[in-house]
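Asks: First the structure, then my questions, so here it is.
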Ligand SMILES: [Mg+2]
């Protein structure tokens, strides 16, 4: 959509014409509305990278949601009590399967997003993964030490 097609810009230009402003600022106001303050159109729509970042956030939230359901109701519960019972097929999956499904969604979005990133999201950096696992093990040991973990 070009700036001139933007409904808000169209409405503003129409208003300016209807009130018949005849001062020196009119031309400048009109130019800014049509071209943007710096002479370039500031798009109100997003690009693919922005769109995929939103999808990444969405899938991270869905993974988080599924993890909380698994903790709340157990990995093998099939969410038979909730409204999703009415969804076709959805009630057939247990929380472990749903968590796996959302993780697949997250990986799919990250692969698409990688086409738009200078530094790719990757699960192949074994050194980084081992460093993270070591850090988690370290804090798990501390949690055991203070009695918050079995
Ligand atoms: Mg999903």
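The values are calculated or read from the model by the stated rules, or taken from the named source; none is laboratory data. All of these numbers come straight from a predicted model, not from anything done at the bench. Note that each Cβ is placed from the backbone with ideal geometry, even for glycine, and that neighbours are counted across all protein chains shown.
Asks: Which condition number in (1) over 30 Å from residue 12 (Cα atoms); (2) in contact with a helix residue (DSSP H, G or I) (Cβ under 6 Å, 6 or more places away or on another chain); (3) at pLDDT below 95 is the one that residue 41 fails?
Replies: So residue 41 meets the others, but not (1).
Asks: Any chance the stretch 92-102 includes a residue that's exposed (fewer than 14 other Cβ atoms within 10 Å of the Cβ), away from the ligand (no atom under 16 Å from the Cβ) and modelled with pLDDT under 95?
Replies: yes
Asks: Looking at (1) at pLDDT below 70; (2) more than 16 Å from the ligand (Cβ to nearest atom), can you tell me which one residue 74 breaks?
Replies: Evaluating residue 74 over (1) at pLDDT below 70; (2) more than 16 Å from the ligand (Cβ to nearest atom) leaves (1) as the failure.
Asks: Here is a follow-up. Any residue at all in the stretch 109-127 that is within 14 Å of the ligand (Cβ to nearest atom) and within 19 Å of residue 64 (Cα to Cα)?
Replies: Scanning the stretch 109-127, I find at least one residue that is within 14 Å of the ligand (Cβ to nearest atom) and within 19 Å of residue 64 (Cα to Cα), so the answer is yes.
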